[in-house]
Each structure stands twice: as structure tokens, then as C-alpha cells.
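Student: Handing you this structure, nothing more for now.
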Amino acid sequence: MNEVNVSMKINGKTVTGSVESRVLLAHFIREQGGLTGTHVGCDSSSCGVCTVLLDGYTPVKSCTMYAVMADGHEITTVESLAVGGKLHPMQQAFWDQHGLQCGYCTPGMMLSSIALLKQNPNPTEHEIREGLSGNLCRCTGYNNIVKAVQQAAQVMNQPELAAAADD
Amino acid sequence: MTDIAQGSPEIVTEQPAKFAMGKSMKRKEDPRFLQGKGNYIDDINLKGQLYMALVHSPYPHANIRGIDSSEAMKIPGAVAVVTSKELNAYNVGWLPTFHGLDKQMVLADGKVLYQYQEVAAVYAETREAAYDMIELVEVDYEPLEVVNNPFKAMKDDVLLRPDREAKTNHIYNWNVGDQGATDAALATSDHVVKQHVVFPRVHAAPLEPCGCIAEFDVMGRLQFYVTSQAPHVYRTALFLVLGIPEDKIRVISPDLGGGFGNKVPVYPGYVCAIAGALVLQRPVKWIETRTENLTSSFARDYHMDIEIGATKEGKLTALKVNTVADHGAFDAAADPSKYPAGMFGIVSGSYDFPVAYANLDAYFTNKQPGGVAYRCSFRVTEASYLIERAMDIVADELKMDPTELRRKNFIQKEQFPYKSPLNFTYDSGDYEHTMDVALEKIGYKQLLEEQAEKRARGELMGIGISTFTEVTGAGPSKHFDILGIKMFDGAEIRIHPSGSGIIRTGTKSQGQGHETTWAQIVAEELGLDPQNFLVEEGDTDTAPYGLGTYASRSTPVAGGALALAARKIREKARKIAAHVLEVSEHDLEWKDYAFHVMGAPGKTITMKEVAFAAYTNPGDNEPGLEATLYYDPPNMVFPHGTYVAVVDVDRDTGETKVRRFLAVDDAGTIINPMIVEGQIHGGLTEGFAIAFMQEIAYDEAGNNLATNFTDYLIPTSLESPHWETAATCTPSPHHPIGAKSVGESPNVGSPAAFVNAVIDALSPLGVRHIDMPLTREKVWAAIRTAENAVAAD
Ligand code: FES
Ligand code: FES
């Protein structure tokens, strides 16, 4: 099989690798990037546990892209969210609201949620449910995920809230 | 206590506030999951590992005339192809099933018995090469006649398992109760209501598929990383299958991305990975595809006929159930050995039937093997669904309100311990109270009024009730074992000098939050901070033996072990406390989470101080502070609940909208309300999926029609209803902390509530029953059929 050189920025760091052209972005991130927070849960682009952000805030299912398609692009994964040991407001909200159980869907779910809030900083419950409908969760039944996104929206819209939470 | 969840759960418990128990403590395990640092099976990679992939049969029933792997071996990076021939040479061609009634092919041996059965294992340097190889393994199949349902199987025209001594497709008969008395009571009842009810074949489908990595280390010791809900049982099973002594096996079950029963069985892929690692002397990794996950096992598939007798006044007189069970190609049910039909005897439910009888016959078919759980304590879901569905049909025939029929027949709270006619001794319950709480909270009266108005306008609104009782926590050793191993659980607690500690159990969380709740149980018993306990599970080298996490057994069994182990520590601590305070240990009382010298106010010592003394000043006492305890529960526990669903059905499209859903659970003492509520939400969503969208269906030719998430549907955030919850509290009288279980209740209790609601909505049209899943198409067809029947009259 022919290998191609692929290079992309993952969480701001350049990752380069020589891979077969059919290697999925999800596997590139996990294996070349060594970042295993991006998961794989299906073979049919249905579950969204592989969700990452492309070039800013576009959520993509990394199982549905070849690594070569992301050549030269920027990828954001869950590992970039916490900075210096401080959780991102979305992570904090998922923790506070019990928005995760097994944690397998959580990275993709949070990245989709962050992308959603970027587009729509004040979503209604229905808009949250619609915005996350490409990300399956088998454990939580979504109620608490909705609450988490609502909490995160509130905090992200009022950065002073996040600062207060630090005290 | 710090770190109480901010979004306080809706669940309000009736139990008194305590120190660490009953608090919505945020989960200790979450930070690693939130940061993408969970350690799931596919995150583990061993140096020099090979990738394994499996060749699956496209035929549901066929002889294998030959397997040619020469082309596959030409793929660059190909290492080996293994078939049953090689496995048989090592005597590992077949593997015993968990409850011991059957054995299962690891790789197809001479023939295939279901579509997607594993036929060959390939090993390669890369994942891509392994998948290329499976395309090139040539298998010569000779198709055979397919038996795609148990009713065809019972004719024995086509014998599916000639390898077995008994030349029949019938696997076993199981029955319980008094047939003669039941028939007699039915014969003299004013009313006898009969209904055929199918619980379709479904699958637990956790988002993380199964997988493993096997390695024999330089000392010849097997290191087996695997997605297992029961690591110790795996270790013993591997000893039984492979003959490797248990000291030479280490099973490590890492973080699990959900399980729900799917990660209980030992799958053929695991055996192939170990065999490959042994022969090739390299680590072998195998991760299921979603299709492999959905086609290797299943849950339910019970075809049930129920008869209920009742007096004119609505007093139940007798219950009779006859079930035909479809077990697929192998009887791979993971039931305790004395219970081939699991806990199906709970089918008499929450009701005081004077007599009852249940009979079941299980058959082989050309379908995926199993009969494993899907968030269910061994067939409790089938049983609960059946009785709760049937109660509504009885109420309908007697023209009674379904809540009134239930109220009239509930086992009364003073009847506990209650011996059921199907041989369970229910521990405790207050069914009427829980139902009253639910009816009050949902506003049942107002809903009935609204429904009457809507019906007058021809609108289809339904209210569905389910007042289920479960039996969980297997179980007492005199009745329960798996592969001969009694179903106890072990707990080990070690307190460090600083008053923190480590907790180890033989259970294995898959998202249930044991790292938090186990710490809460121990902290409550010892008056220590739950934040300061590390909880470890899943490594058979370090954890005490336990039967694992499934069938809602963790809190009933391991939870009991933890509380009692902590009390053992307290007793030792008392001696050390006495030494430090220079009193007799009999002068000490444990009160308000510290030792107090009786009659000497202010003379106290906390457990934290005792812990330090245990290492610095133990006196004549044995130093250190730790305990290990194995808990053999004296009885099962019997959680119960009342669930109410309110639905609107669109008459034109058959679309059901679940407008409200309330779950009132009685799980006894609750450890962490936030986690309990989360479990209920998740279980209700799974119950919703089963009621409305999930089925592993097969066509006439034996093709499996649900092999990925585009055909086997998982509810998204958009379809999933908003869940309302509440709790009542009837502690278990025999459990050390009065706890029952809750993880499976919502999945056990909710399907009947959903279906009862839809049928209630359609009842003005004369619809009496529809089998799940209640898809739009099925409901639409039922409406049209009913309307046409009216038009034809
Ligand atoms: S792995 Fe399921 S959508 Fe990507
Ligand atoms: S938390 Fe388990 S799948 Fe979402």
C-alpha cells in the first residue's frame, strides 16, 4: 500500500506521519498524535464519539475523514480543553451536572457542545438537543448533558462567573 | 463535605441525612474522562503487538467444505490465519458457556450456525493489513436449510446441533410453581384473560465495543487486557478453557465505555487473541467493529403466553405463563447454573397471586447466540414487562382503572417477607405508597380528565402505568453460582496512617460511578472523608475475588461486603482507640462518627486519629488498619417502582410523542442521589429505545437485519424524552446498609409503561396489544386496521 506524508496541527502542535492514504483521521489522531481522547464507536458514522473540531469550530466525525483530507489543517481535540490543569467551562459543567457516566461519548459530546455554543451562545433546550443529535450517549439519557450545556453557556457568556467559581 | 453536585438532582429521598451516604457527591472518576484521559481498551498498546481481525460467515447455516488462506497470506504484513483446525489441535476449539448447559464454537467447526459467525482469525502487523486479509480468506460454504425461529426449530425437521448428544433443537425445559392448582384456579375463575406477548431480540450496544489485548510475558504469564464486567470470572474461565493455572493469568479490565451486560460473556475473539499470542509469541490486539459487537450476542427473544384469572371484583386468582425462548445457535446465556431461565420467576410481580405456574422451553435457531443481559438481572425484564402489560389488559377487560386493579392486588407491606408462588422470598416493599407518590406527582386525576376531553374530540392520548418489582443481587451461595463459583463478592479496605485509604472490590464499574459510591459507603461507616479514598477495580492481581458487575448485583453484594469490611476495621480501631485513650474498649461507644468514652464527655478520638495511632502507637494491638471480607448475601433484594408515561399518538401518522415520564423508584437506601438519578435517566432511555425503536430482526432467509447503528437505533438527544424522577425508601431488612439496587430498574420497569400508554391511547379504537418495538409504522398499521374493522361493521 502506498503511504503518503500527512502533516496537520493538532491542538496547536504539528503532527507529521507517513500513513496509508486510507488511514482514518481518528486513527491518525490516536496513533500518530498519541491522543486517545478521540474515540471510535461505530462503523457507520452514527455515534459521534470521534468528533473533533476542524479549523476552529467546525465539528467533524474523524472516523469519516481520511487523515490525508486533514493534511495542512488544524484539529482540536478534547486534550486541548483544560489549560494548565484548569477545566474548560464545558468540562466543569459536565462534571457539575453529572453529564457523563462511562465517559466514552464525553469528549465528542463536549466538542460538539462547544461548537454549538460558538454558533448559538444562548441555545434553547430544543436547540441544544438538536445540536447534539449527531452525538449518541448510551448512559446518561441526555437530560444532564442538556443541563451541562446550559450551565456552560451561562458561564461562557459571563466570564466573571467562571472567575468567581475559581475563588 | 465538599463537592456536592451543583445541579442538585430532582430525586428527593425519604431517607435521613447522613455523613457521606445519601449525598450527591460529584464523581471522583470524572476528571480523567473529562480530559480525554480515560484508559479504554483501544487506548492500550503493547510493544510489538499484532492486530487480529475475524472472518465472518455470510450464511446463517452452511457446511464448510474448505478454507483457503493462501491469498490472504500474500498480503504484506500478514502473519497467520487460524481456523478451528488449529484451535482443535490445541483443544480450544470450543468454549463452555457460562451457565454450563452448552458449549460454543470458538471458530466455526465444520459448519456455521448463524450469519456473522466467526470462521477464521487473521493476524497481521497492522490493522489495515488484517482487514485486507479477511477479504481474501476463501471459505467454501454449502448452504443448508435455515431455522429462523423457535417454532420452526421445535419441529426438529432440521437438526441444528448434531454435535450434541440429544438429537433435538430443544435445549431445556424449566418450570416453577404449581401447575395443577393453577389450572384448577383458572378453570373456576370468573374471568380468564389470555395474551401472547413477544419480547423481541435486542442488544445492549454500549458505545465502546468489546476488545482485548493478550500477551504472554517473558515468564510465560498471560496478561489479558479485556473489556470485562467480571474479570475474576474470566480468569477462572480461562483456566477452565485453556488449562493455564490462575497464578499465570492476570486479567485487567480497564475503563469500560459502557457494558449493560454486553461485556459479561467470554467471546470467541478473546480466545483467538490468546491463542494467537501464545503461538505467535507476540501481543495480539483485537477490537470489535460495531457490526461484530451487534452480531455476537443478544438479549431477550422470549415468546410468552400469559393467562390470568380474576374474580368479577378484580381479585387475581391465578397466573400461568408459557414461554418459548429463542437462544440462537448456542445456549450462551450467562445465567446462574441453577437458573437456566434466570429470574423469570419474578413474573408474578408486585401482586399477591394465590397460585402461579411458569413453564419455559428453550430452542436453538440459526441466530446469534446469547441470552445475555441488557441492563437486566437475568430475565427480570421479560418477566416484568409481561406481567405489567398483562395487568393492563386484565384491567381493560374488567373495565377497571389499571391503578385500581393494581391497588386491589398489591402484596401488602405487612406481608413481607413475602413468599411468592414462584419461589422467591421478597424482602420488603411498600407498593401502594410508591404508586400513590407517583400518581400524586404526575397529577393522575387531572390527566384522566384531560384524556376524557381529548377522547371526546377523537384525539389519542394515553397514560401508561407500570408498578414493577425486580429481583436483583445474585446471590446467596446456596442457590447461585456461575461455573460452580458461588456468587459472593469480596472487598478489601486499607486505611493509611493519614486517614486516607484504598478500596478494592471484585466488581467492575462501566460508568456506574463505583469510584465515588464505594468511597461513600466506607466513609460513612468510618467517619472519614470519601474524597480521600482511592477505589480500584478490574485487576485480578490486586482485587479480591468477586463475581463482577451485572444483574444489579454490585451494591447488593459488593456494597454489603464494603460496609461489613469497614465495620471490621471499626472493631479493630476500637481496640486501638481504647489503648490511646487508656480505657477499656467496652467503655467506648461509636457515635457521631467518632469513639467516645461513655460517661466522660469530651473524651473522644476520631477515626483519623486512630488511623495514625494504628501505625504509630498501636500498643499491644496488631499494627495497621485494614480488612478483607467476602459477603455472601442471605437473600436477594427486591427493588420496586411506579412509572407513569403520558403519550400523544398522532392518528394520521402513528407517531408517538412521550409527553411526560415519571419514575418513582424504591431502591432502599440510596448512596448518591445524583448518581442514582443518572442511572435512572440512562435506563429509561434504554427502555424507551426498546419500546419504540430497537430490534435485532431476522428475515426468512436468516439474514440479520440489524448489524449497525443505522439499522439498530440508539435514541439521540432529540427523541429522548425529558425524564422526571422521585424516590421512596423501603430499606432492605437484610442488607448491611439497607440498599437494594437501581441501575436496571428503569430498563426493567419502563417498557411496560411506554407500551401501556400507547395501547391506552389506542384503546378507544379497540386495539388491545402491539408487540414492541412500537414503531410509527406498526402503530399506524394498528390504527388503520382498527378503523377499517369499525368501518366494515
Ligand atoms: S466512530 Fe461513530 S461516528 Fe465516528
Ligand atoms: S457517558 Fe457513556 S456513552 Fe455517554
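The values are calculated or read from the model by the stated rules, or taken from the named source; none is laboratory data. All of these numbers come straight from a predicted model, not from anything done at the bench. Don't worry about glycine lacking a Cβ; one is built from the backbone with ideal geometry, like all the others, and counts go over all protein chains shown.
Student: Applying the selection to segment B:688-700, what residues are within 16 Å of ligand 2 (Cβ to nearest atom) and small (G, A, S)?
Tutor: The answer is B:A689, and nothing else.
Student: While we're on this one: I'm trying to understand the selection: among the residues of segment B:712-739, which are away from chain A (no Cβ under 14 Å) and under 16 Å from B:M674 (Cα atoms)?
Tutor: B:A726, B:A727, B:T728, B:C729, B:A739
Student: Quick check, is A:S62 more than 16 Å from ligand 2 (Cβ to nearest atom) and in contact with a helix residue (DSSP H, G or I) (Cβ under 7 Å, 6 or more places away or on another chain)?
Tutor: Answer is yes for this residue.
Student: Another question about this same structure. When you check A:C105 against the structure, is it facing chain B (nearest Cβ under 10 Å), of a type in the set (A, V, I, L, M, F, W, C) and free of Cβ contacts under 8 Å to residues at least 40 places away in the same chain, yes or no?
Tutor: Criteria not met by A:C105.
Student: I'd like the full set of residues that are over 20 Å from A:R138 (Cα atoms), of a type in the set (K, R) and within 15 Å of ligand 1 (Cβ to nearest atom), limited to segment A:18-67.
Tutor: A:R30
Student: Which of the residues spanning segment A:11-24 are part of a loop (DSSP other than H, G, I, E, B) and more than 8 Å from chain B (Cβ to nearest Cβ)?
Tutor: Within segment A:11-24, A:N11, A:G12, A:S21 qualify.
Student: Based on this model, can you work out whether B:G678 counts as away from chain A (no Cβ under 14 Å) and either within 34 Å of the chain's Cα centre (by Cα) or modelled with pLDDT of 95 or more (or both)?
Tutor: For B:G678, the condition - away from chain A (no Cβ under 14 Å) and either within 34 Å of the chain's Cα centre (by Cα) or modelled with pLDDT of 95 or more (or both) - is not met.
Student: Another question, then. Inspect segment A:57-70 for any residue being closer than 18 Å to B:G38 by Cα, more than 9 Å from every other protein chain (Cβ to nearest Cβ) and surrounded by 16 or more Cβ atoms within 10 Å (Cβ to Cβ) and give the result as yes or no.
Tutor: Looking for residues that are closer than 18 Å to B:G38 by Cα, more than 9 Å from every other protein chain (Cβ to nearest Cβ) and surrounded by 16 or more Cβ atoms within 10 Å (Cβ to Cβ), one finds none in segment A:57-70, hence no.
Student: Counting only residues that are surrounded by 14 or more Cβ atoms within 10 Å (Cβ to Cβ) and of a type in the set (D, E, K, R), which one in segment A:1-21 is modelled with the highest pLDDT?
Tutor: This residue is A:K9.
Student: Mind listing just one residue for me: the one in segment A:37-56 that is within 11 Å of chain B (Cβ to nearest Cβ) and away from ligand 2 (no atom under 16 Å from the Cβ) and, of those, farthest from B:G258 (Cα to Cα)?
Tutor: A:V52
Student: Take B:M461 and tell me if it is in contact with a Lys or Arg (Cβ under 6 Å, 6 or more places away or on another chain), of a type in the set (A, V, I, L, M, F, W, C) and at pLDDT 95 or above.
Tutor: So B:M461 fits the description; yes.
Student: Quick one: B:E622 ticks every box in (1) surrounded by fewer than 23 Cβ atoms within 10 Å (Cβ to Cβ); (2) part of a helix (DSSP H, G or I) except a single one, so which number is it?
Tutor: For B:E622, the failing item is (2).
Student: To continue, here is another question. Is it the case that segment B:331-344 has a residue that's surrounded by fewer than 24 Cβ atoms within 10 Å (Cβ to Cβ) and farther than 25 Å from B:V233 by Cβ?
Tutor: There is no residue in segment B:331-344 that is surrounded by fewer than 24 Cβ atoms within 10 Å (Cβ to Cβ) and farther than 25 Å from B:V233 by Cβ.
Student: Continuing with this model, one more query. Given the conditions (1) outside any loop (DSSP other than H, G, I, E, B); (2) more than 28 Å from B:T295 (Cβ to Cβ), and given that A:E31 satisfies all but one, which numbered condition is not satisfied?
Tutor: Answer for A:E31: the failing condition is (2).
Student: Restricting attention to segment B:691-709, does a residue exist that is in a helix (DSSP H, G or I) and either more than 16 Å from ligand 1 (Cβ to nearest atom) or among the aliphatic types (A, V, I, L, M) (or both)? I'd like the intermediate steps shown before the answer.
Tutor: In the first step, residues of segment B:691-709 are kept if they are in a helix (DSSP H, G or I); the result is B:691-692.
Imposing the further condition that a residue be either more than 16 Å from ligand 1 (Cβ to nearest atom) or among the aliphatic types (A, V, I, L, M) (or both) reduces the set to B:691-692.
The answer is yes; a qualifying residue exists.
Student: For segment A:78-90, name all the residues that are free of Cβ contacts under 8 Å to residues at least 24 places away in the same chain and part of a loop (DSSP other than H, G, I, E, B).
Tutor: A:A82, A:G84, A:G85, A:L87
Student: Which one is farthest from A:N11 (Cα to Cα), of the residues in segment B:26-40 that are facing chain A (nearest Cβ under 7 Å), of a type outside the set (K, R) and part of a loop (DSSP other than H, G, I, E, B)?
Tutor: Filtering segment B:26-40 for residues that are facing chain A (nearest Cβ under 7 Å), of a type outside the set (K, R) and part of a loop (DSSP other than H, G, I, E, B), the one farthest from A:N11 (Cα to Cα) comes out as B:G38.
Student: Applying the selection to segment B:269-312, what residues are within 16 Å of ligand 1 (Cβ to nearest atom) and basic (K, R)?
Tutor: B:R290 - this is the single residue of segment B:269-312 that is within 16 Å of ligand 1 (Cβ to nearest atom) and basic (K, R).
Student: Right, another one. Going through segment B:533-544 one residue at a time, which ones are in a loop (DSSP other than H, G, I, E, B) and surrounded by 19 or more Cβ atoms within 10 Å (Cβ to Cβ)?
Tutor: B:E537, B:G538, B:T540, B:A543, B:P544, listed by residue number.
Student: A follow-up question, please. Give the residues of segment A:130-145 that are under 16 Å from the mean Cα position of the chain (by Cα) and either within 22 Å of B:E686 (Cβ to Cβ) or within 13 Å of ligand 2 (Cβ to nearest atom) (or both), sorted by residue number. Before the answer, list the steps.
Tutor: Going residue by residue through segment A:130-145, those that are under 16 Å from the mean Cα position of the chain (by Cα) are A:131-137, A:145.
Passing the criteria: A:L132, A:S133, A:G134, A:N135, A:L136, A:C137, A:I145.
Student: Go through (1) within 11 Å of chain B (Cβ to nearest Cβ); (2) away from ligand 2 (no atom under 16 Å from the Cβ); (3) farther than 30 Å from B:Y51 by Cβ; (4) in contact (Cβ under 8 Å) with a residue 40 or more places away in the chain and name the single condition A:H27 misses.
Tutor: Unmet condition: (3).
Student: For segment B:740-765: of the residues being out of contact with any helix residue (DSSP H, G or I) (no Cβ under 6 Å at 6 or more places or on another chain) and within 14 Å of chain A (Cβ to nearest Cβ), which is farthest from A:S45 (Cα to Cα)?
Tutor: B:S745
Student: Only one of B:A573, B:A561 is in contact with a strand residue (DSSP E or B) (Cβ under 6 Å, 6 or more places away or on another chain) and either at negative phi or part of a helix (DSSP H, G or I) (or both). Can you tell me which?
Tutor: B:A561
Student: Being within 16 Å of ligand 1 (Cβ to nearest atom) and either under 22 Å from B:Q510 (Cα atoms) or hydroxyl-bearing (S, T, Y) (or both) is the filter here, so list the residues in segment A:77-112 that pass it.
Tutor: Hits for segment A:77-112 are A:T77, A:V78, A:C102, A:G103, A:Y104, A:C105, A:T106, A:P107, A:G108, A:M109, A:M110, A:S112.
Student: Among A:Q97, A:Q92, which is within 15 Å of ligand 2 (Cβ to nearest atom) and either within 12 Å of chain B (Cβ to nearest Cβ) or at pLDDT below 95 (or both)?
Tutor: A:Q97
Student: Being closer than 30 Å to B:G538 by Cβ and among the acidic types (D, E) is the filter here, so list the residues in segment B:19-72 that pass it. Walk me through it before giving the result.
Tutor: Quick first cut of segment B:19-72, residues closer than 30 Å to B:G538 by Cβ only: B:19-54, B:56.
Selection gives B:E29, B:D30, B:D42, B:D43.
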